[in-house]
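Visitor: Sharing a structure, written as structure tokens. Questions coming.
The values are calculated or read from the model by the stated rules, or taken from the named source; none is laboratory data. As the structure is a prediction and not an experimental result, all values here were calculated from the model. All Cβ positions, even for glycine, are placed from backbone atoms using ideal geometry, and neighbour counts span all protein chains on display.
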Amino acid sequence: METITLSVFRGDAAGGVFQTYEVPVTPGMVILDAIHYIQKNLDTTVACRWNCKAAKCGSCSAEVNGKPRLMCKTRVEDLKEDAKKAPIRVMPMRAFPIIKDLVTDVSWNYRTASKIPPLVPKADAAGKPFVMQQVDVDRVQEFRKCIECFLCQDVCHVIREHDRKDAFFGPRQMVRIAALEMHPIDDLNRREQLDAEGGIGMCNITKCCTEVCPEHIHITDNAIIPLKERVADTYFDPLRGLLTKLGVMKRDAIKQPFESVESNLTKIVQPTPTAMK
Amino acid sequence: MAMEPYDTFEYDVLVVGAGGAGLRAVIAAREAGCSVGVVCKSLLGKAHTVMAEGGVAAALSNMRNPDGGSEGDSWKTHFADTLKGGAYLNNWRTVEIFAKEAPERVLELEQYGAVFDRTPEGLIAQRPFGGHKYRRLNHVGDRTGLELIRTMQDKAVGVGMNIHMEVTLTRLLMDGDRVIGAFGYYRETGRFVIFKAKAVVLATGGWGRMYMYTSNSWEGTGDGLMMGYEAGAELLDMEMIQFHPTGMIWPPGMRGILVTEGVRGEGGFLKNSKGERFMFTPEYTPERYKGQFAETPEEGMKWLDDKKANRRPPELLPRDEVARAIYKEILAGRGTEHGGVYLDVSHRGADYIKRKLPSMYEQFHELGDIDITKQPMEVFPTIHYTMGGIKTEPETCSTTVKGLFAAGEVAAGLHGANRLGGNSLSDIIVFGKRAGEGAAQFALNHSHGTLDAAQLDDEIDLLLSPLESTRGENPYTVHTELQETMQKNAMIARTEEGLKEALAKVLELQERAVHLKVEGDRCYNPGWHAARDVRFMLKASEIIVRCALDRKESRGAQWRLDYPDKDDAYWGKHNLIASDNGGEVKVEPRRLPEMPEELKQVLAEQG
Ligand code: SF4
Ligand code: SF4
Ligand code: FES
């Protein structure tokens, strides 16, 4: 039977090694199948996350031969040529602290998400069925395809290289805010947050995030750049500022100013850090 | 316990499970003024709800299409369709509440931020679906479940909760006959954790992992169900397990992945190896649907363009009927090379398919190198949904145990013997809310119970023994053998002989599972987790098989080759109830509650 060799990171926050495993190849096999084969037949202690095995839940993110990928969407077939030269390397996402093997601590993403208030409908639409045209929600729907795999966060150099999780929400949350900011009925002005704690200015449009997005969301072109423009308009366009003051420009005036949410309402409870050996 | 360090948390309401039902319960309990903790086995937002594709069924009557809209739809039609689909085993009151409240719950999602596809008038767009008389599935392309869970996740975070991710609960804590919390462990560290709560909502979803072909993730092991059962809750309709007619069977890497019913809704054909659209075989359309479906492929084709003047093709019969027809075709030797049938939508053209079924197109293209705009898929019925579960009272979703509530797939009563597509998503929002409110009411009227920690000793032993023992079986081996026997003997076509064989095997495996052994330590160790999961699955399997044995008729998902007919006189009026009787499984038939006259009238009017 044809086999393929995988080199899988085994270890925890303290360090680890790459362990090789030989796995039989079946038609249509993906990397996640190979990891499951290892768990079932070679070593039951290998840790990984997964849920849907259909590229819909965003749980199985890892780095395969150096590229941030969903393991359930990475076909062994496509890596066969590379595998002839060297074993396929499977390792955890690099931008997040390692818990064990392929599992990383992604709780930061949930903590930042809890700072972003959900939709606040305009007063005249609250409590009634929304009337919105399809063309006006196409873009928003593109952003809402996000499966929260956090691969874009993993690849973004602001987070990965410079570890500025303190100053930048990251591309995933930019997509989230864009979906709200461009929602025809949302009434919050989200630009101040974007500029301040969101740190949109940290992004220098390298587009690495867009390249890895398994949902093919045009993160940079459709979300981040338009958001940057809106922020710039609000803060740096003197004419716009004047017109808004005079009441000629209404768009921002009808949006409610952003009130910082009590981000302590929701708490992501972290396990007590004692490993039970 | 004294030796074992653990964390303790205290909430008014503890919600177990963070899929759609759990999150909707969180929102409701918070709005009622309670402190809420929510526990999930995975990360937040990864639950099975994301897998739902087709839509959320609610009679909004938004479609004004000349080619067949949804004008004329009402809760009454949705009520009648749901009962008919469930072969009248449903709880009438549950279905009534459901059909009446679903539209309001869907509109509320929009207020929370869900962005549904729109009609030309700018309202929520609805699509036709199997078993629904009108276009009733409010949808977002083919990722409606993702939209629902993300919407409620954001809303729940907004209203405030404590989230405990990657925690597995294994036992409910009791104070006498009342549930006062739950016990389990952190997956990450293996440390134990106790949640004390005035009321507990189980929203833990379904269980399908005891079968080989299943669309369930590793989570679907029935632990929520079995925790409820072990605490004394009655279970209902456990023999009723839905097979999604079109799960992928080839290539093996895609096995079990579902092909949404939307593919058939958008005109997909089912074909056997001879190229025939076998669903048009008259015997595949049961009596109660006669005259409502197209009788020739020509008429079926016309329906695609003019939905008003033509009847829909029989590919859109309810799931149990389609699954059985596929099974019969394969049995008759007209299956594909890999043992399935073909599902083909390529005749709709690449543009149409990419627009209407974008994630299907992409998924097949990227995962299986299959271009569905050009070639057919190979499909086979796959375990998909459990209609049965914890018996709940319709108004507040309370179970037969004090302080314990249940909603969503883990609860039973709404779907009867078979669930209609689209009804699961409306189920979770209607009853998620009611369960949250029910639990909140209970919590506001009760104080915390008293915990006697001695009740945890057994559970801790059970959890730790596979790590400490020097010999014993590998839990994966036991699991695989369980899957083989359930797949062979308790799947779509059942007989007394097969079920008895399955029962004997399950009991043998239960014996063997007393001694399990796993390698490694307690830190994120899937082998260790599997050891506890497999015990839950073994008990749940025993209950499924015993109920399937007792129901001596064919109805909905229960298809007995040795009792091929419906028995309306007796079994049509009885549910099977399973409960724990001092460690033994007790199964008893119980008469369905009598439907009031005015609802019988509604049914008669709806035809
Ligand atoms: S475009 Fe911006 S957000 Fe995306 S990877 Fe580059 S710096 Fe990060
Ligand atoms: S935007 Fe794309 S890459 Fe980023 S989390 Fe969402 S799906 Fe993943
Ligand atoms: S397992 Fe769900 S995205 Fe890979």
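Visitor: Could you list, in sequence order, the residues of region B:103-119 that are more than 8 Å from every other protein chain (Cβ to nearest Cβ) and in contact with a Lys or Arg (Cβ under 9 Å, 6 or more places away or on another chain)? If you could, list the steps in order and put the result at the bottom.
Guide: Of the residues in region B:103-119, the ones more than 8 Å from every other protein chain (Cβ to nearest Cβ) are B:103-106, B:108-109, B:114, B:116, B:119.
Of everything in region B:103-119, those that are more than 8 Å from every other protein chain (Cβ to nearest Cβ) and in contact with a Lys or Arg (Cβ under 9 Å, 6 or more places away or on another chain) turn out to be B:Arg105, B:Glu108, B:Leu109, B:Ala114, B:Thr119.
Visitor: Conditions first: (1) buried (at least 18 other Cβ atoms within 10 Å of the Cβ); (2) more than 7 Å from chain B (Cβ to nearest Cβ); (3) over 16 Å from A:Thr5 (Cα atoms); (4) more than 15 Å from ligand 3 (Cβ to nearest atom). A:Pro68 passes all but one, so which condition is the exception?
Guide: So the condition that A:Pro68 fails would be (4).
Visitor: Among the residues of region B:204-213, is any at the interface with chain A (Cβ under 8 Å from one of its Cβ atoms), buried (at least 22 other Cβ atoms within 10 Å of the Cβ) and of a type outside the set (S, T, N, Q)?
Guide: No, region B:204-213 contains no residue that is at the interface with chain A (Cβ under 8 Å from one of its Cβ atoms), buried (at least 22 other Cβ atoms within 10 Å of the Cβ) and of a type outside the set (S, T, N, Q).
Visitor: Quick one: which residue in A:Cys146, A:Cys152 is in contact with a Lys or Arg (Cβ under 7 Å, 6 or more places away or on another chain), away from every other protein chain (no Cβ under 13 Å) and within 16 Å of ligand 3 (Cβ to nearest atom)?
Guide: Working: A:Cys146 fails: away from every other protein chain (no Cβ under 13 Å).
The unique qualifying residue is A:Cys152.
Visitor: Still on this structure, please answer the following. Report yes if B:Thr144 is within 22 Å of B:Ala411 (Cα to Cα), buried (at least 24 other Cβ atoms within 10 Å of the Cβ), within 21 Å of the chain's Cα centre (by Cα) and more than 7 Å from chain A (Cβ to nearest Cβ), otherwise no. Spell out the reasoning first.
Guide: Values: within 22 Å of B:Ala411 (Cα to Cα): yes; buried (at least 24 other Cβ atoms within 10 Å of the Cβ): yes; within 21 Å of the chain's Cα centre (by Cα): yes; more than 7 Å from chain A (Cβ to nearest Cβ): yes.
Yes.
Visitor: Return yes when B:Leu137 is within 27 Å of A:Leu119 (Cβ to Cβ) and more than 8 Å from every other protein chain (Cβ to nearest Cβ) and no when it is not. Working first, answer last.
Guide: Numbers: within 27 Å of A:Leu119 (Cβ to Cβ): yes; more than 8 Å from every other protein chain (Cβ to nearest Cβ): yes.
Yes; evaluated as a whole, the condition is true for this residue.
Visitor: Sort through A:Asp195, A:Asp124, A:Asp186 and tell me the only one that's closer than 19 Å to B:Leu148 by Cβ, outside the structural domain of A:Ala55 (by TED's automatic domain parsing) and either crowded, with 20+ Cβ neighbours inside 10 Å or among the charged types (D, E, K, R) (or both). Step through it out loud before you land on a result.
Guide: Numbers: A:Asp195 fails: closer than 19 Å to B:Leu148 by Cβ; A:Asp124 fails: closer than 19 Å to B:Leu148 by Cβ.
After applying the criteria, what remains is A:Asp186.
Visitor: Moving on. Return yes when A:Phe130 is aromatic (Phe, Trp, Tyr), under 19 Å from A:Glu229 (Cβ atoms) and either within 14 Å of chain B (Cβ to nearest Cβ) or within 16 Å of ligand 1 (Cβ to nearest atom) (or both) and no when it is not. Write out each step before concluding.
Guide: On the way: aromatic (Phe, Trp, Tyr): yes; under 19 Å from A:Glu229 (Cβ atoms): no; either within 14 Å of chain B (Cβ to nearest Cβ) or within 16 Å of ligand 1 (Cβ to nearest atom) (or both): yes.
Judged against the criteria, A:Phe130 is not a match.
Visitor: Could you list, ordered by first residue, the pairs with Cβ atoms under 7 Å in which the first is in region B:539-564 and polar (S, T, N, Q) and the second is part of a loop (DSSP other than H, G, I, E, B) and surrounded by fewer than 24 Cβ atoms within 10 Å (Cβ to Cβ), at least 6 apart or interchain?
Guide: The qualifying pairs are B:Ser554/B:Pro564; B:Ser554/B:Asp565; B:Ser554/B:Lys566.
Visitor: I've got another one for you. Considering only region B:334-410, give the strands (runs of 3 or more DSSP E) lying wholly within it that have at least 2 residues that are under 30 Å from B:Val430 (Cα atoms).
Guide: Details: elements: B:341-344, B:377-386, B:389-391, B:404-406.
It comes to B:377-386, B:389-391, B:404-406.
Visitor: Here's another thing I want to ask about it. Residues that are under 22 Å from B:Gly45 (Cα atoms) and of a type in the set (Ser, Thr, Tyr), at least 2 per element: which strands (runs of 3 or more DSSP E) completely within region A:1-93 meet that? Spell out the reasoning first.
Guide: Numbers: elements: A:3-12, A:15-24, A:61-64, A:67-70, A:88-91.
Passing ranges: none, list empty.
Visitor: A further question on this structure: So which residues in region A:133-160 are within 16 Å of ligand 1 (Cβ to nearest atom) and β-branched (Val, Ile, Thr)?
Guide: Across region A:133-160, the qualifying residues are A:Val155, A:Val158, A:Ile159.
Visitor: Something else: Could you tell me which of the residues A:Glu229, A:Glu211 is more than 30 Å from A:Ala55 (Cβ to Cβ) and either modelled with pLDDT of 95 or more or more than 15 Å from ligand 2 (Cβ to nearest atom) (or both)? Break it down into steps so the answer makes sense when it comes.
Guide: Details: A:Glu211 fails: more than 30 Å from A:Ala55 (Cβ to Cβ).
Exactly one residue qualifies, and that residue is A:Glu229.
Visitor: Looking at region A:127-172, which of its residues are among the acidic types (Asp, Glu), closer than 21 Å to A:Ile205 by Cβ and in contact with a helix residue (DSSP H, G or I) (Cβ under 9 Å, 6 or more places away or on another chain)?
Guide: Residues satisfying the conditions are A:Glu142, A:Asp154.
Here's the yes/no breakdown for (1) among the aromatic types (Phe, Trp, Tyr); (2) closer than 30 Å to B:Gly69 by Cβ:
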site	(1), (2)
B:Pro245	no, yes
B:Arg255	no, no
B:Glu261	no, yes
B:Arg277	no, yes
B:Lys290	no, yes
B:Trp303	yes, yes
B:Asn310	no, yes
B:Val322	no, yes
B:Tyr327	yes, no
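Visitor: Listed residues B:Gly122, B:Gly131, B:Gly141, B:Gly181; which is part of a strand (DSSP E or B), on the phi > 0 side of the Ramachandran plot and not β-branched (Val, Ile, Thr)? If you could, list the steps in order and put the result at the bottom.
Guide: Working: B:Gly122 fails: part of a strand (DSSP E or B); B:Gly131 fails: part of a strand (DSSP E or B); B:Gly141 fails: part of a strand (DSSP E or B).
Result of the check over B:Gly122, B:Gly131, B:Gly141, B:Gly181: B:Gly181.
Visitor: Say whether the condition of being under 23 Å from B:His529 (Cα atoms), crowded, with 24+ Cβ neighbours inside 10 Å, more than 7 Å from chain B (Cβ to nearest Cβ) and within 16 Å of ligand 1 (Cβ to nearest atom) is met by at least one residue in region A:33-47.
Guide: no
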